[in-house]
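Encoded as structure tokens, the structure appears first; notes follow it.
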Amino acid sequence: MDLDNSIKPGLKSEQNFTVLEEHSAAHIGSGTVSVLSTPSMIGFMEITARSMLDEVLPDTHSTVGVRVDVRHLAASPIGSEVKTCAEVLNVHGNRVTLSIEAWYGDTQIGAGQHDRFIIEKERFMRRVAG
């Protein structure tokens, strides 16, 4: 697979998510208040990164997250719309490094970097199965 032609620095994507009670810190146990939890925000960011990469990879391949380094900068209430952004910064072999951000309106609520590793799905699952 020639990654140089499918995934390049500068590739970008955005997605919008509605914050539901199931995404709250109180619901998942990472806090006691009903605002967007850090794990849910990171999950939204990862979905955006994975979806973007899956669009340019062959159906036989996908990516798995291997590193997340994120700051949660501000709260977002239940019912709010959160926009997440992902941009490819670097491709080194099968490792893709991305910039990831989350926004609630004009307020940046999260920012960081995320690494994903490109896998061949069947081979990966054979290895997982033992």
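Computed values, structure above
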| quantity | calculated |
| --- | --- |
| Residue among His23, His27 that alone is touching a helix residue (DSSP H, G or I) at 6+ places or on another chain (Cβ under 6 Å), more than 23 Å from His92 (Cα to Cα) and either of a type in the set (Phe, Trp, Tyr) or crowded, with 20+ Cβ neighbours inside 10 Å (or both) | His23 |
| Matching residues, the stretch 23-42, being within 25 Å of Thr63 (Cβ to Cβ), in contact (Cβ under 8 Å) with a residue 12 or more places away in the chain and either of a type in the set (A, V, I, L, M) or not in a loop (DSSP other than H, G, I, E, B) (or both) | His23, Ile28, Leu36, Thr38, Ser40, Met41, Ile42 |
| Check on Lys83, touching a His at 6+ places or on another chain (Cβ under 7 Å), among the charged types (D, E, K, R) and modelled with pLDDT of 95 or more | no |
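So that you can scan it fast, the table gives a plain yes or no per residue for (1) modelled with pLDDT of 95 or more; (2) assigned to a strand (DSSP E or B); (3) under 30 Å from Val33 (Cβ atoms):
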residue: Glu46; (1), (2), (3): yes, no, yes
residue: Arg50; (1), (2), (3): yes, no, yes
residue: Val66; (1), (2), (3): yes, yes, no
residue: Arg71; (1), (2), (3): yes, yes, yes
residue: Val88; (1), (2), (3): yes, yes, no
residue: Trp103; (1), (2), (3): yes, yes, yes
residue: Gln113; (1), (2), (3): yes, yes, yes
residue: Phe117; (1), (2), (3): yes, yes, no
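The values are calculated or read from the model by the stated rules, or taken from the named source; none is laboratory data. What you are looking at is a predicted structure, and each value in this text was computed from that prediction instead of being measured. Here Cβ is always computed from backbone atoms with ideal geometry, including for glycine, and neighbour counts include all displayed protein chains.
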